[in-house]
Structures are given as structure tokens and as C-alpha cells.
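Visitor: Quick one: structure below, then a few questions.
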Amino acid sequence: MKIARIETFLAPPRWMFVRVETDEGVVGWGEPVVEGRAEPVRAAVEVLAEHLVGQDPLRIEDHWQVMTKGGFYRGGPVLSSAVAGLDQALWDIKGKTYGQPVHQLLGGPVRERIRAYAWVGGDEPSEVRDAVSAQVEAGFTAVKMNASGRMTPLATREEVRACLLRAETAREVLGDERDFALDFHGRVSPANARRLLPLLAEYAPLFVEEPVLSEHMHAVPDLVNASNIPIALGERLFTRREFLAPLQAGVAVVQPDISHAGGISELRRIAALAEMYGAHIAPHCPLGPVALAASLQVAFTTPNFLIQEQSIGIHYNKDAELLDYVADREPFRFVGGSLLCTERPGLGVDVDEAAVRAADAKGHAWRNPVWRYEDGSFAEW
């Protein structure tokens, strides 16, 4: 069996799919994308396809090594995301070829269900109560929200109180038996993070995510020691080597994205590294159905898995939803806030190819907002 053709499709709201077809008719799907930079990732997939077309799709590890190391210049979000989507598609092909779900090829499941959380926005504190209540009614046992909107480098008392109000409101609605996580989204400076973490402790968040930007990794040890709240990060890290320093600093939860951090092959290695440090993995996944399906395959076979992000109903989704691109929605049916293990071959997702091709005809050019402070200077989004 040889790889015969590789195609990419831009699909609203901000996603990209890759279709890898073999000369025996087996097709694998993946999601290679950097949100807001889909076009250069598409070009990177086309370059990597020069290596893959004509090759045996089942030699996944060899292809991963060549795609990540075969060029003199390596790494970065664009190349890592291109590799990630292709890696997902190759695992999909392998599972379909042997008639097995990917989690069986990775050693078999260690759990029967995957706990997931729902997004509730959080940019506007006035919306938190209704949004959290709606997810509780939908059966979710955990939610996540942004801790703030735009925040000045040294926050005002009003900004601090608005952050605390979000946490207080979420805890009031959820009670003590459910969880919420706060995403600082890199919007919060190290000084603000040191101020906020001790104040948030009484509300017992499941974790605080990305309390500082990845380029401020030197600040992580101080933040780990600033309060008893577990620290999570990793959506902007792309290799297991990049996760070593935060794990050594005491981060409790790592959040690699299966569409950014080298795909299934690298995600499972990051999880194994985290296990050595007593840390858990909560895969970042605000993307589409293939990325979620691939994340679940890793989660089912990973002992130190914590909780799964998913994008159904997320505030970023406009013009399309995750379920718009699947022919069978059953694998994405939540039971008590969890997704159930299935034995469907490959990634376990039945992509609606006609819908994907129609979406690509429309395409998208999604870009994240650019925020500014009142004086006109740049602010982190």
C-alpha cells in the first residue's frame, strides 16, 4: 500500500483538514492548523507531501522522524502543526487497515469514558452565571472560562475584582461537586499572576491555565509556589523538549494540542514525560472533529489523563460547528459530561467529505482579534 494523494481543505470557522488517500482506497483524515495562520500551514503540508506520496503509510514513526528532522531548520508552530495533521491521518489509515481503533494500537484503553469540560467564555463577567448554568443543565461536570478580558500590565483593583467575581460566580453555580478552570490566556503579566493566584485559592479552581506567556517560562517556578492552585500550560509548546522545563518547575497539568504538538506520536510521548513528574495531561483542543477524535484516542490509553477540552458551542465558532463536518454524531454524544470509548476503526470519526469539500469552496481567513490599551499600545489577546 502506498500514499497516492494528499489534499487540504480550509473549513469555517477557523479549521483545516487534510485527507490522505492510499492506492488501495484507504483514506485517513487529520487536522493540521494554526488558528489564524492556516495558509502557511497548508503550504507546509504541501512541502511535506513531497516526502509522503509514494511511501508506505504504515511506517508512521519513520515518517514522523523524517518530517520533523529531515530539514536543516526544524520546529516551530507551522511545521509542527503540519506534521501533526499528517500524523493523525497516518494513524487513521493504520487503524482502518487493521480494523482497530487507534487506542488499541497504542496498547489498549485504560478507561471507558473521557471526562470533558465545556467552554463558557468569560471575557464578560456579566455572562458567566447564565453560561455556567446552561452547561450544568447540559450535564457537564466541569467548565472553563477566560479569567479576564484585556488586562493592564499592573492590574487595577477593578480588574482584580472582576477576575475574582468570575471565579466566585462559577463556584456559586457549580457548588463543591463540580469543577471550573480559569484560563489566563497569556493576557496576565507575571506580576498580575502573582497577585491573583493567592486571591483565587478560596474558590478552588481545577487549574489555572497559561498564567504567563510561554516566553516567560522563567516566571513559572515562582507562580507554582505562589498558591496551592494547580498550574496548567502547554498549548503554545510543540515538542516534549519544550515541556521539560515547566515540568521541572512543578507544573501540575500539561496541555499539548494534538494539532500543534506533532500529532498522536508526540502527544503520547509528552504524556509519558509528564507521568515521570507526577503531572497530568489535559489536551488542548478548541478545534474540529478530527482533532478531538485524535485527542480521545490518546486519552483512552493514557494513565495520567485528566480532562479533555472540546469546542462544541465554544465562543470562537461562527459560521460552522464541530458536528457540521461529521456524518455520524454518535462518537461525540456526551453522557454525563463524558465521551464514551468506542471500537470504531482508526480515529473513530466518520468525516462528511461532501461537507468538508463544500466548506473549502467557501474557505476562511480567520484571524484572532488585535487588542489595544486605551493609550493605543498593543495588548495581549
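Visitor: Averaging over all projection directions, find the projected area of the Cα convex hull of segment 55-182 and quote it in nm² with one decimal place. Provide the component values of the computation, followed by the final result.
Guide: Numbers: hull surface 49.9 nm².
Hull-based average projected area comes out at 12.5 nm².
Visitor: Share of antiparallel DSSP beta bridges in the chain, in percent to the nearest 5?
Guide: 50
Visitor: Let me ask something else. Tell me which residues come under 5 Å, amide H to amide H, from residue 142 once H is placed; ignore anything under 5 positions away on its chain.
Guide: Result for residue 142 returns 118, 179.
Visitor: Shifting gears a bit: What residues qualify as long-range amide H neighbours of residue 280, i.e. H under 5 Å apart, gap of 5 or more or another chain, H built at 1.01 Å from N?
Guide: 253, 254
Visitor: At 0.36 nm per residue, minus the direct Cα-Cα distance, what do residue 111 and residue 124 gain on full extension? Give it in nm, one decimal, please.
Guide: Here the segment from residue 111 to residue 124 would lengthen by 1.1 nm.
Visitor: Could you estimate the translational diffusion coefficient of segment 128-218 from the Stokes-Einstein equation, with Rh from the Kirkwood formula over C-alpha pairs, at 4 °C and 1.567 mPa s, in whole µm²/s?
Guide: 97
Visitor: Please compute the length gained on full extension between residue 43 and residue 372, using 0.36 nm multiplied by the number of residues separating them and subtracting their Cα-Cα distance.
Guide: 115.4 nm
Visitor: Right, another one. May I ask you to give the solvent-accessible area per residue for the chain, in square angstrom, as obtained with a 1.4 angstrom probe?
Guide: Numbers: 15160 Å² over 381 residues.
Per-residue value: 40 Å².
Visitor: Looking at the calculated P(r) for segment 175-224, what percent of the C-alpha pair distances fall above 15 Å?
Guide: 42
Visitor: Something else now. May I ask you to compute the full-extension gain from residue 137 to residue 340, defined as 0.36 nm times their residue separation minus their alpha-carbon distance, rounded to one decimal in nm?
Guide: That pair, residue 137 and residue 340, stretches by 71.1 nm at full extension.
Visitor: Could you work out the percent of alpha carbon pairs in segment 292-381 separated by over 19 Å, rounded to a whole number?
Guide: 57
Visitor: Tell me, what % of the accessible area of the chain is carbon and sulfur with a 1.4 angstrom probe?
Guide: Working: 7570 of 15160 Å².
C and S atoms contribute 50 percent here.
Visitor: Looking at segment 294-343 from every direction and averaging, what is the projected area of its Cα convex hull in nm²?
Guide: Mean projected area for segment 294-343: 4.4 nm², to one decimal.
Visitor: Provide the convex hull volume over Cα atoms per residue for the chain, in Å³. Mind showing how you got there, number by number?
Guide: Numbers: hull volume 50.9 nm³, N = 381.
Hull volume normalised by residue count: 134 Å³.
Visitor: Three principal axis extents, largest first, for the C-alpha atoms of segment 65-134, in Å?
Guide: Ordered largest first, segment 65-134 gives principal extents of 50, 37, 18 Å.
Visitor: Could you tell me what % of all Cα pairs in segment 1-119 have separations over 24 Å?
Guide: Working: 2100 of 7021 pairs.
Everything past 24 Å amounts to 30 percent.
Visitor: Mind checking the alpha-carbon convex hull of segment 91-131 and giving the volume per residue in Å³?
Guide: Each residue corresponds to 129 Å³ of Cα convex hull volume.
Visitor: Be a star and scan segment 242-281 for residues whose amide nitrogen sits under 19 Å from the point 7 Å along the Cα-to-Cβ vector of residue 65.
Guide: 262-270
Visitor: Then there's this: Remind me, relative contact order of segment 230-320 in percent, using alpha carbon pairs under 8 angstrom and six or more residues apart?
Guide: 26
Visitor: Cα-based Rg of segment 1-42 per 2.2 N^0.38 Å, rounded to two decimals?
Guide: Details: Rg = 11.6 Å, N = 42, 2.2 N^0.38 = 9.1 Å.
Output field value: 1.27.
Visitor: Right, something else. Would you tally the net charge around residue 350, using a Cβ to Cβ cut-off of less than 10 Å, leaving residue 350 out, and scoring K and R as +1, D and E as -1? Display every interim value, and only then the final one.
Guide: Details: positive: 329, 344; negative: 328, 330, 352, 353.
Result for the neighbourhood of residue 350: -2.
Visitor: What is the Rg over Rh value, at two decimals, for segment 222-381, using alpha-carbon atoms and the Kirkwood definition of Rh?
Guide: Expressed as Rg/Rh, it is 1.01.
Visitor: Roughly how large, in nm² to one decimal, is the mean projection of the convex hull of the alpha-carbon atoms in segment 17-72?
Guide: 4.3
Visitor: Something else now. Can you give me the distance in nm between label points at residue 152 and residue 98, each placed 7 Å from the Cα along the Cα-to-Cβ direction?
Guide: Simple spin-label model gives 5.9 nm for this pair.
Visitor: Given Cα pairs under 8 Å that are at least 6 residues apart, what percent is the relative contact order of segment 3-158?
Guide: Working: 212 pairs, mean separation 30.1, N = 156.
Value for segment 3-158: 19 percent.
Visitor: How far is it, in nm, from the label point at residue 202 to the one at residue 2 when both lie 7 Å from their Cα along the line to the Cβ?
Guide: Placing both labels 7 Å along Cα→Cβ, they lie 6.9 nm apart.
Visitor: Stokes-Einstein D for segment 202-299 at 4 °C, 1.567 mPa s, Kirkwood Rh over Cα pairs, in µm²/s?
Guide: 96
Visitor: Return the sequence-ordered ³J(HN,Hα) values of segment 58-67 in whole Hz as given by the Karplus equation 6.51 cos²θ - 1.76 cosθ + 1.60 applied to θ = phi - 60°, using x for Gly and Pro.
Guide: 7, 8, 4, 5, 4, 5, 4, 4, 5, 5
The values are calculated or read from the model by the stated rules, or taken from the named source; none is laboratory data. Just so it is clear, the model here is predicted, and its values are computed rather than measured. Ideal geometry is used to build each Cβ from the backbone, glycine not excepted, and the neighbour counts take in all protein chains shown. To get the accessible areas, we keep the full protein, side chains included, count just its heavy atoms, and leave off ligands, DNA and RNA. Shrake-Rupley method; radii C 1.70, N 1.55, O 1.52, S 1.80 Å.
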